[in-house]
1. Taking the label point 7 Å from Cα in the Cβ direction, how far apart in nm is B:Arg160 from each other copy of itself, listed shortest first?
2. Can you pull the percent of Cα pairs in the protein assembly as shown with separation above 44 Å?
3. Go ahead and run the numbers for FRET between B:Lys267 and B:Met1, Cβ-Cβ distance against an R0 of 22 Å, rounding to 0.05.
4. Hey, got the dipole for chain B? About the Cα centre, +1 on K and R Cβ, -1 on D and E Cβ, debye to the nearest 20?
5. Would you mind giving the mean number of other chain beta-carbons within 10 Å of the Cβ of each residue in A:239-247, as a whole number?
6. State the answer as a single residue: which of B:Gln341, B:Ile365, B:Gly174 lies farthest towards the positive end of the charge dipole of chain B, with beta carbon charges of +1 for Lys and Arg and -1 for Asp and Glu, about the Cα centre.
7. Can you pull the semi-axes for the range A:155-306, root of five times each eigenvalue of the Cα gyration tensor, sorted largest first, whole Å?
8. Looking only at the range B:268-386, where both bridge partners belong to it, what percent of the DSSP beta bridges are antiparallel (to the nearest 5)?
Protein chains: 2
Amino acid sequence: MRDVCVVGVGMSQWGEVWRKSLRQLFVDAALEAINNSGVDRLDSLYVGCMSSGLFVGQEHVGALMADYLGMPGLPALRVESACASGGLAVRQAFIEVACGMSEIIMAAGVEKMTDCSGSDATFALATAADQEYEVFHGATFPGLYAMMAHAHMDEYGTTREMLSAVSVKNHKNGAKNPAAQYPFEVTPEQVAKSVMIADPLRILDCSPITDGAAAVIVTTEEVAKKLGKPYIKVLGSGAATDYMQLAQRDDMTTIKAATLAAGRALKMAGKTIKDVQFAEVHDCFTIAEIVLLESIGLYEPGKAGPATLAGETALDGKFPVNSSGGLKSKGHPVGATGVAQVVEVYKQLTGQAENGRQISGSPKIGMTQNMGGSGASSVVHIMEVA
Amino acid sequence: MRDVCVVGVGMSQWGEVWRKSLRQLFVDAALEAINNSGVDRLDSLYVGCMSSGLFVGQEHVGALMADYLGMPGLPALRVESACASGGLAVRQAFIEVACGMSEIIMAAGVEKMTDCSGSDATFALATAADQEYEVFHGATFPGLYAMMAHAHMDEYGTTREMLSAVSVKNHKNGAKNPAAQYPFEVTPEQVAKSVMIADPLRILDCSPITDGAAAVIVTTEEVAKKLGKPYIKVLGSGAATDYMQLAQRDDMTTIKAATLAAGRALKMAGKTIKDVQFAEVHDCFTIAEIVLLESIGLYEPGKAGPATLAGETALDGKFPVNSSGGLKSKGHPVGATGVAQVVEVYKQLTGQAENGRQISGSPKIGMTQNMGGSGASSVVHIMEVA
């Protein structure tokens, strides 16, 4: 297997983007990544997209995007694993470059979520859960994560203040990210008093519905060097799944797919979690960030909430988490999220994070953790500055 | 890149399978492939599926299938390229094994199409075309292929009799396939008098709506040898795309994505089309088989229709096409079709085709050609007996 690098990144506008279609959002991000990297060709395209069929009545998104990028003929494929689709697009590009089959690949993600009604969007998102055993009976994602939150509170004494601290931190970071959907700060009081969605989760515990795309160029180190642009190495990639139904899992207070994926990625990278200096993790709800920091082995069970409250995961903390603003503030166009996590790690490792969002001390190794549904799939990448 | 083999295959029941769900169809095919190959583990799973979100309200199909196969934890991913999803699942497994990242992978495809109304199914299938420039204006697939048929008839004098000959041949083959949805023969007269769908295409020119799944085990030659079961080598894999819109293509009488994909697969295999002895091609409509046999370079433009009429592509012809019955008779569960094509080539190359469907003369090299939409994506594999 060859060494694999990321050499250029791009983001479309994120938010309620009424004036841009699914394909236009993708093309915006893709052209920025191409320009940013300086590549003059692509050998292959992977597009992470969760549910364009239900959101905008369009499948066959790989071919469509190759076409609208002006590259009909290009091998192009959509990959789907619910909200982990983007991270898995990066992984497939990693595998194809590592394989020796292609040299220059675009891994992108896109979702256009606001072109349908709110109830349609809720239905589309719920298809990431088990339709027959969860959704049919009325479960939606805020409800599933609310159950995880209650279990974690009950088991470990996790508090409202700890949940709020995740939202406050991520909004503080996101306020410095020009790509963020909600680039403003919130206070613990605002989070704690925001409208209840599914007890104990309030609206400011939840990531939003977002239109957006992200793209990265994945290539060999040889090509990356020739391009002369800043690049990073992908040291490890790990993917895993778990039972779809929350009810079937041994323990609702941990996300086993994230544990497995992180372990596999770290093993491939030849690193331990102690070697990693910062991470983008999948904070679809505030409780998810707390559970994930424990699941990837950064904190013992029950310790991530207090650590967040103590500022350990803040931008100036000992292990910054979601310097981009995370899904909470940056937004969560579900198929694009995993790619945007790589965009942030690329920017941080190459010293290009905007508006005072740069992590101090020039970190060398970062991690992305992306997941689908209530954690039935997860993908982790370990990246190092070149 | 390592050599890659296929060592075991499985099919679920195909047809209107009211008593089996999406997940059960998959598990039926998957268990048969596992038993057939003798593998005792999987390292990874790819599931081709076009539109489970629209057909049955379920995305996140990779994780769901790993779970229901009793393998939660397994890296699992859904790949989608409309009706080429299955072929691309095989391609991704090929890449991951060739890469050295995994040894034993299942490539599967599944679609459950009859659990929704006919108009819902027609809408779901239409998402393989360009929603904004084709579907919104009323185009559906029978209409798009009817335009291709008229163009081909006009340009090359292709006739009703030639279209009918494709259907007659494929039903004759399918009548010998225990997995076929419509295992009966039809006469040219029946085809020519069947109900009109979109002029000149009649119902017996169209592949059906099908529930079904197929699975193959993709592995290294070393593992395949150890297992002691018949296996075949995948010599080449090629994928390509084209403009989504029929209206934007240079020529409606050819499918450029198939030309490109076949050329790439043959190049990787170090073969020419003359080395290939039989093929499964994507006969979603009778006209598609004629156009494809020209697009992959087997016949000059305008010559595939007369050759079909002359019996050259029959089971006992000089180049048997769709010995399985093809999409027309075997059925077309869209995400599963590309995998089922590999199942047939495996059976033919290892001498396991049932009921007198075996091609005589022990063919050594076969091809699969799978495509999405009106040809905006295509994937081709070249396989050789070990």
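Read the figures in this text as sums done on the coordinates, not as results from a lab. Treat the numbers as computed from the prediction; the structure is a model and nothing was measured. Neighbour counts are summed over all protein chains in view; Cβ atoms, including those assigned to glycine, are modelled from backbone coordinates with ideal geometry.
1. Label-point distances to the other copies, shortest first: 7.7 nm.
2. In whole percent, the long-distance tail amounts to 21.
3. 0.95
4. Value, rounded to 20: 940 debye.
5. 6
6. Farthest along the dipole direction, towards plus: B:Ile365.
7. 30, 22, 14
8. So the antiparallel bridges in the range B:268-386 amount to around 65 percent.
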